[in-house]
Every structure is written in structure tokens, then in C-alpha cells.
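I have placed the structure first, in the form of C-alpha cells, so that the comments after it can refer back to it.
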Amino acid sequence: MHAQQLTALALALAALGLLLIAGVVLTRVAAQRRTERTLGHALDERALQTAALAAATARGGESAAGAAKVQPRELRRSGLKGLLEHFAHRGIRWLDTPFGRLVVAEEDRRVLEQCGFVDTRTRGLFLVARLFTALVLPVLAGTLARGYVTGPRYVMLVIIALVLGFMLPKIVLKRRAGRRRRQVVDELPLMVDLLRLLQGVGLSLDQSLQVIVNDFGSVLPVLSAELEIAQRQFATGRTREQSLNRLALSYDNEDMRAVVRLLVQVDRHGGAVQEPLKQFGDRLREARRAMLRERIGRLAVKMTGVMIVTLLPALMIVTAGPGVLAVVRSLHTMK
């Protein structure tokens with residue numbers, strides 16, 4: 001590489017480092033400002049409530065009812081959060097257009113649901129993120145490659161950067177969705193056992209699900225969040241089947257569908273559920289044992305190749321080395 005190329009690369013890396021440092025500083029400043037706004041909002045609300053109670057005591061019941069409705073005025077959204085909300089609202093406006101349905105297809109919406117993003121705000125942010133990366137990455141690649149790549153190669157590089165920038169948010173979300181699907185498989189047996197125990201002590205189905213959401217969020221991070229969404233939908237008027245339908249269909253897991261069908265049946269018809277849950281839990285544990293045995297078998301096959309490549313040469317040197325050296329010395333002596 002020439003000196004000018006090295007200088008340009010060094011300047012680009014320095015600029016990238018400065019941008020990262022500036023991003024970290026801005027994030028910390030935004031978090032500090034958000035904390036100050038939240039604290040100020042809470043203090044203002046407490047002060048207004050105190051003033052309202054004092055006025056209610058002085059004026060009587062009617063004035064108290066009027067003062068209780070006084071709410072503190074909303075704080076202005078600023079900084080990164082305000083910009084993010086602006087982009088989210090703009091993306092929401094584009095979602096129902098033909099262009100928005102093309103950018104955020106049904107497959108993308110299903111991936112978002114598997115990641116735990118079920119509201120329209122995250123879909124709008126996903127749409128804006130795809131457009132932003134699809135515009136920024138080609139500009140960055142074209143700027144860095146200018147002077148080094150020309151002609152059709154330059155156009156091909158920009159097109160590849162455009163496609164890569166458009167697909168990058170989806171690739172990130174697919175990785176997160178795959179990780180959450182594996183977590184669902186790992187957490188399902190524990191959730192079934194917890195449901196069986198909570199049902200055994202006399203709690204209803206709604207109480208059992210609420211206990212799992214409130215008290216076992218650290219043990220079941222994915223399923224507790226999904227059950228919390230289902231509980232909110234059930235509280236807003238949906239049936240149990242409708243609230244659990246997304247959990248049954250999003251993760252493409254037959255065991256999860258069976259658990260959801262069992263919960264819907266118990267909620268609709270009632271009856272004892274401890275024994276079916278116990279049998280289902282035993283079946284899940286047997287399936288996990290079989291899966292672990294399969295993984296161990298695959299690992300043994302992989303380790304065989306590694307041992308042949310790494311340990312066999314060392315073993316041959318240790319075992320056959322003295323004999324080979326003795327033969328070589330004998331041949332030298334005969335000569």
C-alpha cells in the first residue's frame with residue numbers, strides 16, 4: 001500500500017474511533033438527562049398532588065375532586081429519544097403503504113414477534129433502520145473505495161453494499177430470534193413443572209400465569225415476557241385462546257403448541273391438570289435427554305477428527321520416533 005492509502009486508512013479509523021467515543025458520550029448524556037427529567041417529573045407530580053390535597057382540604061369535596069384531576073404538563077422530548085420517537089412515528093406512517101409492506105413483509109413481522117417486538121413502534125423503527133442502513137452503507141463504501149475501484153467494479157461494490165445494508169437489520173433480528181427459539185426449548189420443561197406445582201397448591205390458571213410472570217422472570221426470561229404480553233391481552237378483553245395464539249404460532253414449536261392447547265382446554269372446560277402436566281413434563285425431559293445424547297454423539301464424531309489431526313502425529317512421533325532413529329543410525333553405521 002502507498003503512503004497516501006495508509007494515511008487515508010488511518011484517518012478513516014481515527015474518525016470512526018471519534019464517532020464511537022462521541023456516541024458513547026451522547027448516550028451517557030442522554031441517559032443522565034432522561035434521569036433528571038424523570039426525577040423532575042416525579043417531584044413536580046408530588047408537589048402538585050400535595051397542593052391538590054391542600055386545596056381539597058380547604059375547599060371541600062367538590063374542589064378536591066377537581067384538583068385531583070390536575071396533571072403535570074408533559075415534558076418535551078429531546079435528544080436521542082425524541083429523534084428515535086420521530087423516526088418511529090414516521091415508520092408507522094409508512095407501514096400500511098405498499099412500500100412499507102414491501103420493506104417489512106410478513107416474514108419480517110414474524111421475526112419481530114419472535115424477538116419479542118409486538119407493537120407497531122418497533123416495526124416502524126425496523127423499517128427506518130432498513131432504509132437508513134441501505135442508504136448509509138453504500139455511501140460509506142463508495143467513499144472509501146473511490147480512487148481504488150473504478151468502472152463496473154465500483155458500481156458492483158455499491159450495489160453489494162446496498163443489498164447488504166438492506167439485509168443487515170434482518171440478519172441481526174434473525175440471530176436474536178434463533179437465540180430466543182433455543183431459549184424457549186430450554187425453558188419449556190421448567191415452565192410446565194412450575195404450572196403443575198402452582199396448580200397443585202390450589203391456584204387458578206390466571207393466578208399461576210401471573211405468578212410465573214411476576215416471580216420467575218429471571219428464570220424464564222423469554223416465556224415470562226411472552227406470558228406477560230398474553231396476560232395483558234387477556235385483561236383487555238381477548239379470550240385465553242386469542243391471547244395465547246401468538247405464543248403458539250410464533251416460535252414454530254410443537255411442544256409449545258401442545259402446552260397452549262392444554263391451557264386453553266383447562267381454561268374453557270376446567271378439570272384437573274396436574275397429571276397431564278406431569279406426563280407432558282416427563283415426555284419433554286425424555287426428549288431433552290435424547291437431544292443431548294444426539295449432541296454428544298455428534299461431538300464425539302467431531303472430536304475424532306480433531307484427535308486425528310492433532311494427537312495422532314504427536315503419538316506417532318512418541319511411539320515410532322525411537323525406532324525410526326535407531327533404523328537411521330543403523331543405516332549410517334552400515335554405510
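The values are calculated or read from the model by the stated rules, or taken from the named source; none is laboratory data. Not measured: the values here are computed from a predicted model. Cβ atoms come from the backbone with ideal geometry, glycine included; neighbour counts cover every protein chain shown.
Worth a mention:
- Of all residues in the stretch 122-169 being β-branched (Val, Ile, Thr) and closer than 19 Å to residue 90 by Cβ, the one that is surrounded by the fewest Cβ atoms within 10 Å (Cβ to Cβ): 136
- Every pair of residues 6+ apart whose Cβ atoms lie under 8 Å, when the first sits in the stretch 272-285 and is at pLDDT 80 or above while the second is outside any helix (DSSP H, G or I) and aromatic (Phe, Trp, Tyr): none
- Residue check for residue 289: surrounded by fewer than 11 Cβ atoms within 10 Å (Cβ to Cβ) and under 27 Å from residue 194 (Cα atoms): yes
- Being touching an Asp or Glu at 6+ places or on another chain (Cβ under 9 Å), in a helix (DSSP H, G or I) and surrounded by 10 or more Cβ atoms within 10 Å (Cβ to Cβ) is a property that residue 321 lacks.
- Residue list for the stretch 105-115, filter: under 16 Å from residue 253 (Cα atoms) and in a loop (DSSP other than H, G, I, E, B): 115
- Only one of 237, 305 that is assigned to a loop (DSSP other than H, G, I, E, B) and over 23 Å from residue 194 (Cβ atoms): 237
- Residue check, residue 250 at pLDDT below 85, under 21 Å from residue 113 (Cα atoms), touching a helix residue (DSSP H, G or I) at 6+ places or on another chain (Cβ under 9 Å) and small (Gly, Ala, Ser): yes
- Residue 181 within 23 Å of residue 273 (Cβ to Cβ) and among the basic types (Lys, Arg): no
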